[in-house]
Structures are given as structure tokens and as C-alpha cells.
1. Residues of segment 99-151 being charged (D, E, K, R) and surrounded by 13 or more Cβ atoms within 10 Å (Cβ to Cβ), which ones?
2. Restricting attention to segment 177-184, does a residue exist that is more than 19 Å from V83 (Cα to Cα), more than 13 Å from the chain's Cα centre (by Cα) and outside any loop (DSSP other than H, G, I, E, B)?
3. Answer with yes or no whether T73 is buried (at least 17 other Cβ atoms within 10 Å of the Cβ) and in contact (Cβ under 8 Å) with a residue 12 or more places away in the chain.
4. Under the condition of being assigned to a strand (DSSP E or B) and among the small types (G, A, S), which residue from segment 56-76 is modelled with the lowest pLDDT?
5. Please work out if Y182 is touching a residue at least 12 places away in the same chain (Cβ under 8 Å), hydroxyl-bearing (S, T, Y) and crowded, with 17+ Cβ neighbours inside 10 Å.
6. So which residues in segment 156-174 are within 10 Å of W191 (Cβ to Cβ) and among the acidic types (D, E), if there are any at all?
7. Pick out the one residue from A159, A153, A165 that is touching a His at 6+ places or on another chain (Cβ under 7 Å) and either polar (S, T, N, Q) or not in a strand (DSSP E or B) (or both).
8. Listed residues A110, A156, A99, A144; which is touching a Phe, Trp or Tyr at 6+ places or on another chain (Cβ under 9 Å), under 20 Å from F16 (Cβ atoms) and of a type in the set (G, A, S)?
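The values are calculated or read from the model by the stated rules, or taken from the named source; none is laboratory data. Treat the numbers as computed from the prediction; the structure is a model and nothing was measured. Ideal geometry is used to build each Cβ from the backbone, glycine not excepted, and the neighbour counts take in all protein chains shown.
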Amino acid sequence: MTDRHLLEMEWRDALFLHWPVSPETVAARLPEGLSVATHDGDAYLGVVPFVMADIGLRGIPFGLSFPEVNLRTYVDGPRGRGVYFFNLDAADPIGVHVARRLFALPYYRAEMEVTTEGDRDRPVATDRRVTFTSHRTHRGADPAHVDLAYGPAGEAFEADPGSLAAFLVENYRFYAEGRRLYCGEIDHGPWPLHEADATVRTNTLFETNGFEEPEGAPIAHYSPAVDVTAERIRRVEF
């Protein structure tokens, strides 16, 4: 954990779905100051649903929890390698309002439902199943729908440094474009990962964000939980 973090939380039942795409596909959609990050020549688009749980200010637990799903890619920027968000849909109307009002970040209100079966705290939680649905309700925004069923498959592992899995999941900085380009820093231990058994029943996030649907099956990882701290989001100065 960092000494200057603002928020503390746990991220639960995270699914990482990633599709390789050409760097040109991503580059055309990035704001000034960011460039495409690649692994073995490929850029990636990721759909990542999870539950933000037990959110609180530093040392002051609120117990607030809500689900979120985002469409993201990976970039090099003024403060280093990080995630770039095209959208962040969340079932937290207050947080969405604050993020949009203060920074004009791409947050959208959505109705979400997360149901779970099995024990996510078992060392090999292969009976864990999560159903995650999201329907955007944000007034004036394009519709977006996600319906996923997923769970772990196989033994837990940590991504090796330099591996594709590490490139996709071990990111501790994010960028998002609002009135300006903003950057935030997070901190957590390595993600405890499993290969994921995932069924994509509905996903319109690509279409909603102006991308063609990538071809092929996604690379899928599941993580039961990780404790996270986050610093205050800051405007990027060039």
C-alpha cells in the first residue's frame, strides 16, 4: 500500500476478457499524449467486470459495495504504462455523478445484478460460478448491455513477469479522458489468477464504443479477490 492513498477497497470476482487487435485499431481512438502498448505486436481490448467491495476512505470504512464493468486497453503515457478506459459502467449513481461532474470521466449509470455460487476463498475454487448482468440506464447515453457467466478453471497462479497474463492484468496506473486527460495510481499485491471458464451471452460494449467486434474467443482469466488502495485522480500535465 502507498503512504498517500485515499481509498481502500477489495475487488472481488474479477473476470478479464481480452481480445488481440491491431495497434492501429486502438491508436485511432486514443487522446493526445497516449500511445498504444503492445505485447508481441498485438494491442488488446479488454472487458472487465468485478465487484468493488468494502470501499472506504483511508482508515474509515464505509462498507459501500457495487459492481462495475469497463472496456479498456493498454497504453504508454506521460506517467508510464497503464490502462486506458473507454467506458466505466457502474451501479453507483453517486460515484458516477461525482466522476462525471468533477472530471467528465466516461462513467455511466447502469442497473447491474451479480449472483454467485460456490466458495471463492477455497484454494481451488472450481465450483465458483458468477453471473454478471449490466444494462446501462444513463440518460442520453448510448445503450450498453453485458450478460456473462464465469468462474475459475484449474489451479491458482500468479502471472510471470513479462508474460502476456502479466501485461493484461498487472497494471497499477490508469488513464481516462474527460475535460482533460486524467491519471490515477492504484496499489495491490499480485492478482491470484485462474484460467477462466466464461460464457459471453451478451456484450455490446464494442459496438457502443465504436469498435467492430473482435474475432475469435477471448483470453479469459478469473480472480477471486484482491485488496486495493487508490490515490486521488490527477490531471495530466504535458
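1. Within segment 99-151, R100, R109, R120, R122, R128, R129, R136, D142, D147 meet the criteria.
2. First, the residues of segment 177-184 that are more than 19 Å from V83 (Cα to Cα): none.
No.
3. On the way: buried (at least 17 other Cβ atoms within 10 Å of the Cβ): yes; in contact (Cβ under 8 Å) with a residue 12 or more places away in the chain: yes.
Yes; evaluated as a whole, the condition is true for this residue.
4. At the first step, the residues of segment 56-76 found to be assigned to a strand (DSSP E or B) are 56-57, 60-76.
Filter once more, so that each one left must be among the small types (G, A, S): 56, 63, 65.
Numbers: G56: 80, G63: 69, S65: 89.
It comes out as G63.
5. yes
6. E158, E170
7. Working: A159 fails: touching a His at 6+ places or on another chain (Cβ under 7 Å); A153 fails: either polar (S, T, N, Q) or not in a strand (DSSP E or B) (or both).
Of A159, A153, A165, the one residue that is touching a His at 6+ places or on another chain (Cβ under 7 Å) and either polar (S, T, N, Q) or not in a strand (DSSP E or B) (or both) is A165.
8. Working: A110 fails: touching a Phe, Trp or Tyr at 6+ places or on another chain (Cβ under 9 Å); A156 fails: touching a Phe, Trp or Tyr at 6+ places or on another chain (Cβ under 9 Å); A99 fails: under 20 Å from F16 (Cβ atoms).
That would be A144, the only listed residue that is touching a Phe, Trp or Tyr at 6+ places or on another chain (Cβ under 9 Å), under 20 Å from F16 (Cβ atoms) and of a type in the set (G, A, S).
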